[in-house]
Amino acid sequence: MSDQTHMHVEHDIAPGDEEQHSVGARILGYVVGLALALLLTATSFFIAGTDLVWQPSIPVALIVLAIAQMGVHLVFFLHITTGPDNTNNVLALAFGLLVVFLVVGGTVWIMAHLNQNMPPMDQIMPMRN
Amino acid sequence: MSMTATAGHAHADPHHIGIVVEHPGPAPKRIVTAYGFWVFLLSDIVMFSCFFAAYAVLAGQTAGGPSGSEIFEQRNVAIETVCLLLSSFTCGMASIAADTHNRLWFYLGMAVTCVLGLIFLAIEFNEFAGLVSRGYGPSRSAFLTAFFSLVGCHGLHVSAGVLWLLTMMAQVFAKGFRVDILRRMMCFALFWHALDIIWVAVFSVVYLLGSGA
Amino acid sequence: MPAVRTVEPMMLGKLDWSAIPFDQPIPLIAGAVVLVGILGVLAWVVLRGHLPYLWDEWITSVDHKRIGVMYILLASVMLLRGGSDAIMMRIQQAVAYQSQGYLPPEHYNQIFSAHGTIMIFFVAMPFVIGLMNLVVPLQLGVRDVAFPTLNSVGFWLTATGALLVNISLVVGEFARTGWLAFPPLSELSYSPGVGVDYYAWSLQISGVGTLVAGINLVTTVLKLRTRGMNYLRMPMFCWTTLASNLLIVAAFPILTATLAMLLLDRYLGFHFFTNEAGGNVMMFMNLIWAWGHPEVYILVLPAFGIFSEVVSTFSGKALFGYRSMVLATMAICIISFMVWLHHFFTMGAGPDVNAIFGIASMIIAVPTGVKIYNWLFTMYGGRIRFATPMLWAVGFMVTFIIGGLTGVLVAVPPADFMLHNSMFLVAHFHNVIIGGVLFGAFAGFEYWFPKAFGFRLDERWGKMAFWFTFLGFYVTFLPLYVAGMLGMTRRLQHYDVAAWRPWMLVAAVGMAVLTIGVICQITQLVVSIRNREALRDRTGDPWDGRSLEWATSSPPPVFNFAFSPDVRGEDAYWDMKALARKQSLEHEGPEYHDIEMPRNSPTGFVCAFFASIMGFALIWHIWWMVILGGIGAFATFVVFAWRDHDEYVIPAAEVARIDGINLEERRSLVSMAGGV
Ligand code: HEM
Ligand SMILES: [Cu+2]
């Protein structure tokens, strides 16, 4: 054999599986996840209805809260971590998110511009019924 | 099997650090199955993203019909959300019970998940039926089209999830915690949690942002 | 349920005798010929007692090699159907100068719509998916794909889609909307018939099949590789398979969603793309092309992989710039999601948007160019053998460069404003799809045929097929560039411009030459089957190939490899195969182990059966049948989930016997030749 050391690594873990934990620790994980999710949800609902914050900041806040909550779900319920045994799962997720971002972002961007360059529809031919 | 000397160090060790991490061979079935399902979920999320995009484009097109803020009821949405979040939690408990082969907790966890899912569906159905009866069905305007499709698509997924959930319970009842059934249980849990993630996007983008508008 | 807007009290929904076009001889005769063909084959199968064999060994098979072969068979048959459409259109445009030609407009419209739909979804897709299915597990050194039964489901759903499209030939009509069914034309108000429904449901059903195949192959490549098969030791074809299937998984859901929206508009009166109530037709273009552009790379990436294998094998050299090739593949995989607007520059998104997407489109030509250079440098200094697969590869390089260059040309927005929807565009995409995808499929067919069936294909007829197809292609499609420059738009049923006429005549002649090519290809198959004993491949490695599929016998046993190859060599290619061959030849009997293989399953076929029923019922609004089909599909699913034994064991002794026979033969050849 050559001068190289051949190392055999262990396999990845399945998406959704956790590294070895006791039942107590696993339950605790879900409890924490649930608590955080409920907290974030409550915040979202509160912010959406309140007059206490600067109004234009509300949409931004809602989106940030939603993304945070998705993160909580991913970590505490789907057990997606940054560990090396999770690389494949995270890469797939990243690819999916990239596509989601491109499709949604691209569509909104493109469609907004199409509308901008149109003469106002309801003025040239009122079609509403 | 001992190997004879091999030619060249071309590919596996580009930086010549002397350590080659050897691929250990085909992954165990649990990983293969779950990974395949994970990839499916991502594709499902891409599908949802199209309905989100359509909603974003059409949300303002009310065609003289009602806008979001006129028809959304935040209290219902809040109850729906709590149902789903709790059901994600109980689904997690059922997974743990399945892994530890605890039938009682498994059935309990799944049953509660099922009930919560059904409550969610009932509220949603109620909301839809109410809108349609007021003449605000999906063919009223492009906004309502997009709204019904997006939220309804999620609802259909939850319905499919409930069917799957019942099948899982029946399977455990008939066959016990066999390895292949545990694999399916894992996929089911992934599915259920993923639906929750999509719901987070739905209530934030559709209901909360929409009722502000 | 959906019965809200249909009031037909009839049992058969919209279906009645008027659906059969008794007054139109062409589809009737074509349908009759197909029907007689199918019945003839069926009768032959039953009378000769082949039905059990067909059922056990093919229809219910979950063996990736068998499924791959069935995909390719489906693609080949559909190629003949799509090709007939093409011949009819070329003749029409040759004769329809200042006259109506021989095809009525509504019929001509159906033909070009069916042609495009069939060629993309039921020729190109199944062909490349079939080749990936057949080869990738072998190249990875494993026994099967990740999900064998689902693999069979995927195939049969694709076949269902093809079946529905062909049923439309005689029962009802096909869409007249083009292969992408743009609204508002495809909306109910302008296309009240069942044509668009045939189109949409076929694609929905086969789209599910494709998605399943994509998930399966992604998981196979990422999770099932033999020991030591590190990522950077995978053959190039496995890389392009990975990229292509990642694109399937990410893009096909977009198609599904878009068509679902169109169907909701048509069936339930929704307003996604209607002109009324705030719907937006332009959103359809946007969404469908967000799938459509990745789709062209789904098709062409596997072809790139095939060419990589073929070029390096027949140049007797390792692929030049393997790593840059991997990088280029993955770059294409990502960038192909950022260019879709170039299909509708003229829709008026304004200079900012057009410029960005135009630039992105040109950028994608860079990794493609890298690939071309890599192939050229692989050939440079190699000992090149011009066997048939290599001819297709070289023909591809020349042709694809032209297609790519015209692609970059139409990616310049101002140029595209002139060329959009012209014959120039038609020439461009045939240039890349025929010159890239189809040539690739043929190269792969010629290259891996011996692996799949154990005998080589006749070289003489193969070369003739290549030359006729190659020349025929140029004679058919170069004139279309010119016609496009002269202002001829696409999809014309007849025309009055004298300047276009000669080019249409030349194109018709080219079509005839192409047809000869196809006939040569069929002859090659027949001749080779006749001479199969003389052409038999006893070594399992007829081309002196460079990857693991050549390390096992041809055709490989069900389990592919008696011993999982252990890949330790640092060279990703040739050493590895030589080593694996040596390992397998050196093994002695007693070490064999039992092998577990997935059991055959009728799930795929039964699923497809119910899907066909459901699809047909949906198209014709026969609601009770829809429900019946749905219940059947769910029952199939539960029965499948309920079964207790999904694997069977091939005992070690049997493995030893099968492997023994192969080894004996190969050892004797090796000792004759004096080395591996
Ligand atoms: C070098 C990279 C390529 C570039 C820059 C490019 C660019 C374009 C552009 C700008 C269009 C739209 C033109 C118009 O509608 O006016 C187009 C159409 C098309 N291209 Fe390409 N292309 C490339 C490669 C490919 C490949 C590799 C394929 C297939 C394997 C392909 C298949 C198609 C098809 C099917 C259409 C037209 C479909 C339709 O409108 O019906 N292209 N291409
Ligand atoms: Cu494109």
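Descriptive notes on the structure:
- Per-q log10 I(q)/I(0), region C:18-124, q = 0.10, 0.15 Å⁻¹ (Debye; single scatterer per alpha-carbon; no solvent): -0.43, -0.82
- Peptides C:533-543, B:171-181, C:336-346 ranked from most to least packed give C:336-346, C:533-543, B:171-181, packing being the mean of other C-beta atoms within 10 angstrom over each peptide's residues.
- Average beta carbon contacts from partner chains per residue of A:67-74, 10 Å cutoff: 4
- Which listed pairs, of C:K317/C:K451; C:K223/C:K371; C:K317/C:K371; B:K29/C:K65; B:K29/B:K175, have C-alpha distances above 24 Å, in listed order: C:K223/C:K371
- Potential lengthening between C:E106 and C:Y231 on full extension [0.36 nm per residue; Cα-Cα distance subtracted]: 39.8 nm
- Counting only other chain Cβ atoms within 10 Å of each residue's Cβ, the peptide B:197-204 averages 6.
- Mean separation of Cα pairs under 8 Å and 6 or more residues apart, divided by the residue count, gives region A:15-80 a relative contact order of 55 percent.
- Charging the Cβ of each Asp and Glu at -1 and of each Lys and Arg at +1, and nothing else, the dipole of the protein assembly as shown about its Cα centre rounds to 1460 debye.
- Protein accessible surface hidden between C and A, which excludes ligands and nucleic acids, total in Å², probe 1.4 Å: 2200 Å²
- Per residue, the protein assembly as shown exposes 39 Å² of solvent-accessible protein surface, assessed with a 1.4 angstrom probe and all protein chains in place.
- For the protein assembly as shown, the spread of Cα positions along each principal axis, largest first, Å: 88, 81, 59
- Expressed in units of 2.2 N^0.38 Å, where N is the residue count, the Cα radius of gyration of region C:177-298 is 1.31.
- Highest mean first, the peptides C:609-617, C:77-85 sorted by other C-beta atoms within 10 Å per residue fall in the order C:609-617, C:77-85.
- Cα long-axis angle, helix C:105-117 against chain C (0 to 90 degrees, to the nearest 10): 30 degrees
- About the Cα centre, charge dipole magnitude for region B:26-212 (Lys/Arg +1, Asp/Glu -1 at Cβ), debye: 600 debye
- Straightening the chain between C:S324 and C:W623 buys 102.2 nm, computed as 0.36 nm per residue apart minus the Cα-Cα spacing.
- Interface of B with A. Using a 1.4 Å probe and counting protein heavy atoms only, the two chains hide about 4700 Å² of accessible surface, both sides summed.
- Buried surface between chains B and C: roughly 4500 Å² of accessible area, summed over both sides, computed with a 1.4 Å probe on protein heavy atoms only.
- Taken along the Cα-to-beta-carbon direction at a fixed 7 Å, the label points for A:V53 and C:H494 span 6.7 nm.
- Taking every alpha-carbon pair within region C:14-279, the share separated by more than 31 Å comes to 36 percent.
- Over region A:15-80: Kirkwood hydrodynamic radius from C-alpha pairwise inverse distances, Å: 13.1 Å
- Build a GNM of chain B with springs between Cα atoms under 10 Å apart, and of B:S87, B:S139, B:S67 the one that fluctuates most is B:S139.
- Cα centroid of region B:44-116 to Cα centroid of region C:399-474, whole Å: 48 Å
- Cα-Cα pairs of chain B separated by more than 30 Å (percent): 40 percent
- Put simply, when C:123-134, B:29-40, A:97-108, C:375-386 are sorted by average Cβ atoms within 10 angstrom per residue, most first, you get C:123-134, B:29-40, A:97-108, C:375-386.
- Region C:14-279: relative contact order as a whole-number percent, Cα under 8 Å and 6+ apart: 21 percent
- Spin-label model distance (nm) - A:V32 vs C:I87, 7 Å beyond Cα toward Cβ: 7.0 nm
- Accessible-area composition of the protein assembly as shown, carbon plus sulfur, in percent [1.4 Å probe]: 71 percent
- Seen from every direction in turn and averaged, the convex hull around the alpha carbons of chain C projects onto 30.2 nm².
- When the P(r) is computed for region C:191-263, the part past 15 Å accounts for 61% of the Cα-Cα pairs.
- Förster radius 35 Å - calculated FRET efficiency between C:E57 and C:R385 (Cβ-Cβ, nearest 0.05): 0.55
- Solvent exposure, largest accessible area first (probe 1.4 Å, DNA, RNA and ligands not counted), of C:V513, C:V526: C:V526, C:V513
- Applying the Kirkwood pairwise sum to the alpha-carbon positions of region B:36-101 produces a hydrodynamic radius of 15.5 angstrom.
- For chain C, averaging the sequence separation of C-alpha pairs within contact (under 8 Å, six or more residues apart) and dividing by the residue count gives a relative contact order of 17 percent.
- Both radii are taken from the alpha-carbon atoms of region C:45-183; with Rh as the Kirkwood radius, Rg/Rh is 1.09.
- Per residue of C:223-235, other chain Cβ atoms within 10 Å of the residue Cβ number 5 on average.
- Comparing the full protein assembly with the isolated chain, the residues of region A:43-60 losing at least 10 square angstrom of accessible surface (1.4 Å probe) are A:S44, A:F45, A:A48, A:P59.
- Principal axis box of region B:87-213, alpha-carbon based, largest edge first, Å: 50, 24, 20
- A simple spin-label model places pseudo-atoms 7 Å from Cα toward Cβ; at C:D644 and B:A174 they are separated by 1.2 nm.
- The calculated FRET efficiency for the pair C:H50 and C:A652, based on their C-beta separation and a Förster distance of 35 Å, comes to about 0.65.
The values are calculated or read from the model by the stated rules, or taken from the named source; none is laboratory data. A quick note: this is a predicted structure, and the numbers were derived from the prediction, not measured. Neighbour counts run over all protein chains shown; Cβ positions are idealised from the backbone, glycine included. The accessibility values were calculated without ligands, DNA or RNA, using every heavy atom of the protein model including side chains. Shrake-Rupley method; radii C 1.70, N 1.55, O 1.52, S 1.80 Å.
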